[in-house]
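Q: Please see the structure below; I have some questions.
The values are calculated or read from the model by the stated rules, or taken from the named source; none is laboratory data. Everything quoted here is computed from the prediction, not taken from an experiment. Here the Cβ positions follow ideal geometry from the backbone for every residue, glycine too, while neighbour counts run over all protein chains shown. Accessible surface areas use protein heavy atoms only, side chains included; no ligands, DNA or RNA. Shrake-Rupley method; radii C 1.70, N 1.55, O 1.52, S 1.80 Å.
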There are 4 protein chains.
Amino acid sequence: MTDKSIDELQQRLTDFAAARGWEPFHTPKNLAAALSVEAGELLEIFQWLTPEQAATVMADPDQAHRVRDEVADVLAYLLQFCTAVGVDPAAALAAKIERNEIRFPL
Amino acid sequence: MTDKSIDELQQRLTDFAAARGWEPFHTPKNLAAALSVEAGELLEIFQWLTPEQAATVMADPDQAHRVRDEVADVLAYLLQFCTAVGVDPAAALAAKIERNEIRFPL
Amino acid sequence: MTDKSIDELQQRLTDFAAARGWEPFHTPKNLAAALSVEAGELLEIFQWLTPEQAATVMADPDQAHRVRDEVADVLAYLLQFCTAVGVDPAAALAAKIERNEIRFPL
Amino acid sequence: MTDKSIDELQQRLTDFAAARGWEPFHTPKNLAAALSVEAGELLEIFQWLTPEQAATVMADPDQAHRVRDEVADVLAYLLQFCTAVGVDPAAALAAKIERNEIRFPL
């Protein structure tokens with residue numbers, strides 16, 4: 001049973017970094033770079049796979065663990081970036097979906 | 001007032017893509033690539049800024065809009081990727097924080 | 001008829017940036033970020049394509065121009081990064097191929 | 001003494017991959033993804049460094065080796081991508097510099 005709230009995850013990440021004195025490193029620029037690096041690590045898992053192989057990557061326990069680990073890293077840096085710049089990620093996404101509903105009407 | 005639930009945002013994204021027939025494109029490999037591309041677009045905002053300039057990027061309304069827009073894109077592709085591979089992003093992050101508490105003890 | 005020498009391209013890029021006063025921005029960290037951003041823009045061209053569509057991307061003049069343009073940007077930032085840190089890219093690659101010949105013997 | 005010719009490095013990479021039966025993996029889309037992943041690994045070296053620390057990264061032999069290794073990987077995938085799509089990287093860059101001389105006049 002895990003917490004599903006973005007706010008709570010952001011707070012846990014903030015507390016984790018603060019307790020270790022990592023705040024000086026967590027500038028918006030550094031966190032944007034780290035986010036991009038981790039997104040690359042997630043992509044690395046898929047880079048040589050055919051679409052068919054990529055579709056069954058979670059059937060392998062080691063690959064599945066790696067996928068979950070990289071998803072966690074991407075989400076962690078995204079939420080820490082949002083904390084650093086004061087952006088509400090869920091509100092930003094909700095607003096974007098609304099803009100896209102106009103941009104790509106049914 | 002926006003929805004804060006990851007589950008609900010995932011469902012809205014799934015419905016949005018399904019209504020437009022985009023599911024065939026939303027393979028795990030393509031979504032991992034798109035996530036990486038969008039993370040790069042977020043980083044682009046900061047690439048030439050000094051740490052001081054990067055710290056005040058949200059003071060400029062145009063830059064602030066761009067930041068929120070790219071955050072939304074990164075989160076959208078991360079959530080759609082998680083839907084495609086059946087990963088719970090909040091659970092993955094909570095598990096990672098717990099592993100990191102052991103890896104980086106106080 | 002184009003120059004094929006990496007050295008000469010590096011020099012042209014250095015002169016171009018110097019003439020415009022861009023050197024202060026061309027730190028190793030900024031150039032590594034810009035390189036990653038441009039590699040993402042190249043990937044963006046392919047992100048939703050099937051392997052079959054990706055194989056024929058150069059048949060479309062607009063797409064072909066975009067591919068050449070992004071290749072140029074990636075190479076430009078890679079060479080400028082190498083200038084900034086004093087790395088000889090061709091020597092680095094030749095040394096890597098030699099290590100890989102041992103790592104992946106026939 | 002290393003080879004400085006882009007053409008020769010491209011040929012060595014092609015031969016290396018062919019001798020190991022790797023051509024089926026070296027599609028334009030996969031190589032663009034791999035290029036982006038390796039650019040991320042280069043950026044990873046710099047992500048937490050201050051501009052001052054980043055400027056002296058080559059003074060540390062281990063870091064310097066890592067930088068050269070990632071430069072080699074980026075260049076390798078860029079050249080292999082160019083082979084796969086039939087783009088002359090030096091010509092693409094020379095043409096881009098000429099366009100930029102018009103776009104950013106002195």
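Q: With the dipole of chain D worked out from charges on the C-beta (+1 for Lys and Arg, -1 for Asp and Glu) around the Cα centre, which of D:Ala92, D:Leu78, D:Ala17 lies farthest toward the positive end?
A: Of the listed residues, the answer is D:Ala92.
Q: Would you mind computing Rg(Cα) / (2.2 N^0.38 Å) for the protein assembly as shown, counting N as its residues?
A: On the way: Rg = 21.3 Å, N = 424, 2.2 N^0.38 = 21.9 Å.
My calculation over the Cα atoms of the protein assembly as shown gives 0.97.
Q: What is the distance, in nm, between label points placed 7 Å from the Cα along the Cα-to-Cβ direction at D:Ala19 and at C:Asp15?
A: Label at D:Ala19, label at C:Asp15, 3.8 nm between them.
Q: Keeping every protein chain in place, order C:His26, A:His65 by accessible area at 1.4 Å, biggest value first, i.e. largest first. Could the numbers behind the result be given before it?
A: Details: C:His26 40, A:His65 90 Å².
So the residues, ranked largest to smallest area, are A:His65, C:His26.
Q: A follow-up question, please. Which value in nm describes the separation of the simple spin-label points at A:Gln53 and C:Leu106, placed 7 Å from the Cα toward the beta carbon?
A: About 2.3 nm separates the two model spin labels.
Q: Right, here's the next one. So what does the Cα-only Debye profile of the range A:51-91 read at q = 0.16, 0.19, 0.26, 0.27 Å⁻¹, as log10 I(q)/I(0), no solvent term?
A: Log10 I(q)/I(0), no solvent term: -0.55, -0.64, -0.81, -0.84.
Q: Stokes-Einstein D for the range D:12-106 at 10 °C, 1.306 mPa s, Kirkwood Rh over Cα pairs, in µm²/s? Let's see the in-between values first.
A: Numbers: Rh = 15.5 Å.
My calculation gives 102 µm²/s for D.
Q: Moving to a separate point now. Which residue fluctuates most in the GNM of chain A (Cα springs below 10 Å): A:Glu44, A:Glu52, A:Glu23?
A: Between A:Glu44, A:Glu52, A:Glu23, it is A:Glu52 that shows the largest mean-square fluctuation.
Q: Taking a cut-off of 15 Å between Cα atoms, list the aspartates and glutamates near A:Lys96, but don't count ones fewer than 8 places away on the same chain.
A: A:Asp88, B:Asp3, B:Glu8, B:Asp15, B:Glu38, B:Asp69, B:Glu70, B:Asp73
Q: Also, quick follow-up: Using +1 on the beta carbon of Lys and Arg, -1 on that of Asp and Glu, and nothing else charged, what's the dipole of chain D about the Cα centre, debye to 20?
A: Computed charge dipole of chain D: roughly 340 debye.
Q: If each of A:Arg99 and C:Ala95 carries a label point 7 Å out from its Cα toward its Cβ, how far apart are those two points in nm?
A: Once both label points are built, they end up 4.5 nm from each other.
Q: Looking only at C:Thr14, C:Thr56, C:Thr27, which one moves most when chain C is put into a Gaussian network model with springs between Cα atoms under 10 Å?
A: Taking springs between Cα atoms under 10 Å, the residue moving most is C:Thr56.
Q: Show C:Phe25, A:Phe104 ordered by accessible area, largest first, where the area counts protein heavy atoms only and the probe is 1.4 Å. Mind dumping the intermediate values first?
A: Values: C:Phe25 90, A:Phe104 70 Å².
So, going from the largest accessible area down, we get C:Phe25, A:Phe104.
Q: Could you give the distance between the Cα centres of the range C:34-106 and the range A:39-91, to the whole Å?
A: Measuring centre to centre over Cα atoms gives 23 Å.
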